[in-house]
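Worksheet: one structure, shown below.
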Amino acid sequence: MTGRSDALAPARLPAWLGRLASPALLVFGANMTRSGFAFVLGLVVARVLGPEDFGVLATFTAATIWAHNLVGEGFDPGVVRLYARRQAQDTQRAGDILGAALVLRLLLLLPMAALFWLLSSFANEEAVGHAIRLAALTAAAASLATLSLAVLQASERFFAYALLTPLVNALRLAALPLLWLAGLLTLDALMWTHALFFALGAAVGMFLLRAPLRQCRADRATFVELVRFSRWTALASLCFLLQSYLALPALTQWSGLSQAGFYSAAATLLMFIDQLTVALLTTRLPSTSRISSTPDLRRYVGAIAPKLLLTGGALGLLWPAAEWLVTLAYGHDYADAAPVMRWLLPGFIATLCSHPLYLVLYAQNRPHGYAVTGIASLLLWCALALWLIPAHGAVGAAMAGSAARIGQALLIAVLVWRALRHPSSPSNRTDP
């Protein structure tokens, strides 16, 4: 998306600075900054808390992500598309999309909270149950923060988007020395500050949206349109998140908190690969959405696929360096995370090499195709996890995760190949 000035952007920029402030680089930089803060935060907290408490904190983070997806994040691609379309037609009607998104979140909050309260009762550790309950509260605040990001993206206010994206992690990182000086650097304090800073991020986001909020209305037809468009992206997002983070409670239940801590440490070291994938999806989605011809989609795949494969090959060098990286980052107490990192690496690379290709399915109005790959991948992960985790702990979880990600990558490649050989009807066809 280009062409709309950002309210927070300077009126005039030098040519070289204007290129650096392009939407793609702003989004990429914001995502990388957020993930960088999260990475440093994870390293510090892992060393301070030790494997067991770090495993509880990782479970809290995973539960927050799941709950957050259930109360609206998975629907945000629909918010972006529909809000941008309405805004181009009638600025006041764009408020209907924001109203529909807010109503959707309100309707989903209570069922989500009840579900996570129920799940917390099955935890074999009270600390884990408390973390799951607090995750539901944190997700409620996070849902408003990410809705703000979706509307800012749709409005092409990329300077504001870039400032808001890393805000919560920046505050969490800045709070660490203050908590330490006050003698409050505990597991519980870290979880509560996470919730508090998401609430602050939501407040800042709503302040940035004060003009659209004044035009916000609840409209049944718009609500139905939003749900109909976004149900496939929400399903696919939920499947991927479950596949990525179910390992933590499974390890806690079957192998102990230490194994969950080792798994989380290894995954944290590789998380930058997923963040790179997210950045590519965020910056490529607007341009691929404008592609209406199959030859242009083929050119997109032909241009990006070799770059993805080359990047994946370079990342393969992390395999022999795993033990050194784990020891350097976390210390000798986390030595058992090195083989976990090695087994996770192929799956992360497979995701990077395949996920930017599924934008072809979105461009051809086939989001259900990507959802199918997510369901198949999740089912494969569940089957392998039941077999491997009880016997092999964190290494077994890494094996299951990589196998499921590679399976999804192969399915995406097949569906994209078929979509380019047998293109669908015009881009405004209604999804099934």
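What the table shows:
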| read-out | value |
| --- | --- |
| Count - residues of region 387-409 that are free of Cβ contacts under 8 Å to residues at least 40 places away in the same chain and over 25 Å from the mean Cα position of the chain (by Cα) | 4 |
| Wholly enclosed helices (runs of 4 or more DSSP H) of region 76-169 bearing at least 2 residues over 28 Å from G29 (Cα atoms), open to solvent by 20 Å² or more (accessible area, probe 1.4 Å) and modelled with pLDDT of 90 or more | 94-120, 126-154 |
| Every residue from region 212-233 that is in a helix (DSSP H, G or I), small (G, A, S) and either surrounded by fewer than 21 Cβ atoms within 10 Å (Cβ to Cβ) or modelled with pLDDT of 85 or more (or both) | A221 |
| Which numbered condition L281 fails, given (1) farther than 17 Å from M341 by Cα; (2) of a type outside the set (S, T, N, Q); (3) buried (at least 19 other Cβ atoms within 10 Å of the Cβ) | (3) |
| Enumeration of residues in region 135-155 that are within 16 Å of the chain's Cα centre (by Cα) and under 12 Å from D76 (Cβ atoms) | A142, S143, L144, A145, T146, L147, S148, L149, A150, Q153 |
| Complete set of residues in region 289-321 that are touching a Lys or Arg at 6+ places or on another chain (Cβ under 9 Å), more than 23 Å from Y362 (Cβ to Cβ) and touching a residue at least 40 places away in the same chain (Cβ under 8 Å) | L318 |
| Exclusive hit being open to solvent by 40 Å² or more (accessible area, probe 1.4 Å) and modelled with pLDDT under 80, set T61, T2 | T2 |
| Tally, over region 326-338, of residues that are under 15 Å from S264 (Cβ atoms) and either in a helix (DSSP H, G or I) or polar (S, T, N, Q) (or both) | 7 |
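Results for (1) open to solvent by less than 50 Å² (accessible area, probe 1.4 Å); (2) within 30 Å of T288 (Cα to Cα); (3) not in a helix (DSSP H, G or I), shown as yes or no for each residue.
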position	(1), (2), (3)
M341	yes, no, no
L352	yes, yes, no
L357	yes, yes, no
L361	yes, yes, no
Y370	yes, yes, no
A376	yes, yes, no
S402	yes, yes, no
I406	no, yes, no
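The values are calculated or read from the model by the stated rules, or taken from the named source; none is laboratory data. Because the structure is a prediction, the values reported are computed rather than measured. Note: ideal-geometry Cβ built from the backbone for every residue, glycine included; neighbour counts use all protein chains shown. The protein model used for the area step is the full one, side chains on, heavy atoms only, and it has no ligands, DNA or RNA in it. Shrake-Rupley method; radii C 1.70, N 1.55, O 1.52, S 1.80 Å.
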